[in-house]
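> Once you've had a glance at the structure underneath, I'll fire off some questions.
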Amino acid sequence: MDTLGYLIQGAQVAFQPMNLLFCFVGVLMGTLVGILPGLGPTAAIALLLPVSYHIPPVSTIIMLAGIYYGAMYGGSTTSILLNIPGEAASVITCIDGHQMAKKGRAGPALGIAAFGSFIAGTIGAIGIMLVAPPMAKFALAFGPAEYFALMLMGIVIIIYMSSGSILKDFLTALFGLLLGTIGMDTISGTQRLTFGVLELTDGIGFIPAVMGLFGISEILINVEQVVVTTLVTEKVKGLLPNLNDWKESFWPMIRGTVLGFFIGVLPGPAPVISTYSSYAMEKKLSKTPEKFGTGYIVGVAGPEAANNAASSGAMIPLFTLGIPSNSVIAVLLGAFMIHGLQPGPMFISKYPDVFWATIVSMYLGNVILLILNLPLIPLWVKVLKVPYAILFPLILVFCLIGVYSLNFSQVEIGLMIGFGVLGYMMRKFKFETPPLILALVLGPMMESNLRLSLLLSQGDPTVFVRRPISAVFILVSAMLIVSSLIPGIQKRRARLK
Amino acid sequence: MVSFLIHEKSEGEAMKRNDLIGGLFFLGVGLLFTLYSHRVEIGTWDEPGPGFLPFWAGMVVIGMSVLLIGKSLSRGGRTTESFFPQSDSWKRVVFTLLALVGYNFLLKPLGFVLVTFFFVGFLVKFIFPGSWKKAFIAALLSTVSVRLIFVNLLEINFPKGFLGF
């Protein structure tokens, strides 16, 4: 079957009323969590994982993917109206977006953010469709050594991209790897560190861990202080950007889309990086760089397109290699695995309905978002007025009920609270959580591929550098580690002088 | 020689305390996994056992945490950064945590409906102090909503408690 045939097949699945409904629910939820400060897409997907138990796999993936790119849309609303980013990828939108709102141009700012996101999301979905199948074919040549090296590279890249200390990030990644070994060893059947707790036999539950690390810890950080915000409350009008706005924004949106998509394919917090890169690029290319920061529409259009395109690009390593490139995708990978779907090179050929239906749903979702985002803005403004004092108990109840409903286990609630405290302490002590969650998800796969590689090579660890593809991954990892250390050496030398 | 490994991409001298506590925590983690791996089979390089990865990863964690501790001890200056942003922040964090633990303990004896009502009411009333009326309405509305969604719509069975609902 050719691409068009698969696309039609995917459309048949995506257009089923139930899948349409879940696509709608996903983008609506995504927009909502994007709008609400203090609740990111990672936490939102984690919160909805328990609910997804009761939903068919295709519908689950459609809904959760919708949350991811929906959050990218929603984040801009809070940035523009409140000057607080709804989620990390909208930080840069605050700069010019809120300035526009203060000048009475909140409407065009929200409008161009919605159109930019729509254009980028649509082009991004086409990009996945074109890039993912050939990439999956290439990945068919992978053996256990290549997989191990690739996953290692994924973890090294996320460490490299994170803002903390290299040593601390390695420690958290190794901690995630070790936590992933708890439970029954899949090769020998031996119980490891379960202490007779039945719930730990299958390993640390991914959902309690993620909900604790991202949901509970986020709430604990947020309840620390009362944040006073200034909401632009005057009636938002004139959402459609004028001709001049379009003329100024068109190419920044296209450039942001291309840049965001390719940054998205690389492991790391792509949507966040893409917005900064797009903003910097537009400022550099602009004939009037002094306008940036004063409420210039280009400063909204480029980054908003970039973060949406990046969220599409980030789907490629997930679908083709089974490698999550950031923490949101790691949670999404967990959702795939919960439903018995194993993303990787065989995924597209094994589950064409899921893959192509997700692609089609992304087109659909972007249309729904455009329709939702513009007329529903007054509603989102009302949502932003709900005080956090009312909101956070509801989020906590959702966490508690969600985890309990998985296996009706209070041990898992305890695990979630434990991970919540761990995540909170990690944030307080400036340890990054994404390397931990990525290693926790990849850990069991890494372990089995490592042991298989060593078994097949009769204990020869050079197997990872003797095989060419694996050697490239190891080389890239080594280069990243060395390059991140060089400034350290320089700094040290300078201090000695 | 090895201290260049501890290059930080973001600056901050107030990290001394953070790194010391973090280093000690990870040292404990490393020791736990390394020692435990001896109780299951570590195996050899050509036949790695279930303790292979925990052992070697644990050893690396021990090495790195010692580096982190060493670095934090050698760093001069006193930390001026407070652990909590406001003087009463700790109360909100601790009471929220206690409420979570309490929910877990009381879920079976009180039942899902009552424990959810008290949980929401407590948090709304005491964390960012609000009126009793506001707490009561928030608790009532949220309990009714989650009861309708999770029990009536999704048909999930939650503990009913001594009152039978």
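None of the figures in this text is laboratory data; all of them are computed from the coordinates on show. Owing to the predicted nature of the structure, the values given are computational and were not obtained by experimental measurement. Virtual Cβ from ideal backbone geometry, glycine too; neighbours counted across all protein chains shown.
> Can you run phi through the Karplus equation (6.51, -1.76, 1.60; θ = phi - 60°) for the range A:40-49 and list ³J(HN,Hα) in whole Hz, with x for Gly and Pro?
Residue by residue, the range A:40-49 yields x, x, 4, 5, 5, 5, 4, 5, 8, 4 Hz.
> Continuing with the same structure: Could you state the angle between the C-alpha long axis of helix A:91-102 and the longest principal axis of the C-alpha atoms of chain A, as a value from 0 to 90 degrees rounded to the nearest 10?
For A:91-102 against chain A, the angle is about 10 degrees.
> Report the calculated FRET efficiency for residue A:350 and residue A:484 (r = Cβ-Cβ distance, R0 = 30 Å), to the nearest 0.05.
0.20
> Provide the net charge surrounding residue A:452, with neighbours chosen by a C-beta distance below 15 Å and charges set as Lys +1, Arg +1, Asp -1, Glu -1.
Net charge in that neighbourhood comes out at -4.
> Also: At a Förster distance of 45 Å, what's the computed FRET efficiency of residue A:242 paired with residue A:262, Cβ-Cβ distance as r, to 0.05?
Computed FRET efficiency for residue A:242 and residue A:262: 0.90.
> Same structure, new question: In the range A:244-293, what trypsin sites (Lys or Arg not before Pro) fall in a loop by DSSP, with at most 15 other Cβ atoms inside 10 Å?
Counting only loop positions with at most 15 other Cβ atoms within 10 Å, the trypsin sites (Lys or Arg not before Pro) in the range A:244-293 are A:287.
> Based on Cβ point charges of +1 for Lys and Arg and -1 for Asp and Glu, what charge dipole magnitude is obtained for the protein assembly as shown about its Cα centre, in debye rounded to the nearest 20?
The calculated dipole for the protein assembly as shown is roughly 1780 debye.
> Within the range A:344-446, which trypsin sites (Lys or Arg not before Pro) sit in a loop by DSSP and count at most 10 neighbouring Cβ atoms inside 10 Å?
A:385
> Still on this structure, I have one more. How long are the semi-axes of the equivalent ellipsoid of the range B:89-153, defined as square roots of 5 times the Cα gyration tensor eigenvalues? Whole Å, largest first.
They are 21, 15, 8 Å, listed from largest to smallest.
> Multiply the residue separation of residue B:17 and residue B:155 by 0.36 nm, subtract the distance between their alpha-carbon atoms, and state the gained length in nm to one decimal.
44.8 nm
> Another question, if that's okay. Quick one: which residues, 5 or more positions from residue A:192 or on another chain, have an amide H under 5 Å from its amide H? H modelled 1.01 Å from N in the peptide plane, none for Pro or chain starts.
Residues meeting the amide H criterion: A:183, A:184, A:185.
> In chain A, with Lys and Arg counted as +1 and Asp and Glu as -1 at Cβ, which of these residues, A:81, A:325, A:341, has the Cα nearest the positive end of the dipole, that is, farthest along it?
The listed residue farthest towards the positive side: A:81.
> Partner chain Cβ atoms within 10 Å, averaged over the residues of B:37-46 - can you pull that number for me?
Shielding by partners across B:37-46 averages 4.
> Give me the lysines in straight-line cross-link reach of residue B:16: C-alpha distance below 29 Å, same-chain residues under 8 apart excluded.
A:168, A:428, A:430, A:491, A:497, B:71, B:91
> Does anyone have the angle between helix B:52-74 and the longest principal axis of chain B? Alpha-carbon axes, 0 to 90°, nearest 10?
The angle comes out at about 80 degrees.
> Now for a different question. Hey, rough spin-label estimate for residue A:385 and residue B:145, points 7 angstrom out along Cα→Cβ, what's it come to in nanometres?
1.6
> Hey, can you grab everything whose amide H is under 5 Å from the amide H of residue A:326? Only 5+ residues off in sequence or another chain; H modelled, so Pro and N-termini drop out.
Amide H to amide H, under 5 Å and 5 or more residues apart or across chains, residue A:326 pairs with A:268.
> Moving on to the next point. When the helices in chain A are scored as -39500 (n - 2.57) per DSSP H run of 4 or longer and the sum is shared across all residues, what 222 nm value do you end up with, to the nearest 500 deg cm²/dmol?
Mean residue ellipticity at 222 nm (helix-derived): -24000 deg cm²/dmol.
> What distance in nm lies between label points placed 7 Å from Cα along the C-beta direction at residue A:288 and residue A:371?
That separation, rounded to one decimal, is 3.6 nm.
> Could you work out how far helix A:3-14 tilts from the main Cα principal axis of chain A, as a 0 to 90 degree angle to the nearest 10?
The answer is roughly 80 degrees.
> Follow-up. Classify chain A as rounded, prolate or oblate, taking a ≥ b ≥ c as the square roots of the eigenvalues of its Cα gyration tensor: rounded when a/c is under 1.5, otherwise prolate if a/b is larger than b/c and oblate if not.
Since a/c stays below 1.5, the shape of chain A is classed as rounded.
> Just how far, in whole angstrom, is the range B:105-119 from the range A:402-456 if you go by their alpha carbon centroids?
28
> Turning to a different aspect of this structure: Which far-off residues, 5 or more places away or on another chain, put their amide H under 5 Å from the one on residue A:226, with H placed in the peptide plane?
So residue A:226 has HN proximity to no qualifying residue.
> Longest exposed-loop-site-free stretch of chain A, with chymotrypsin sites (Phe, Trp or Tyr not before Pro), DSSP loop and at most 15 other Cβ within 10 Å?
That would be A:196-407.
> A follow-up question, please. Tell me, what is the FRET efficiency for residue A:4 and residue B:39 to the nearest 0.05, using R0 = 56 angstrom and their Cβ-Cβ distance as r?
0.45
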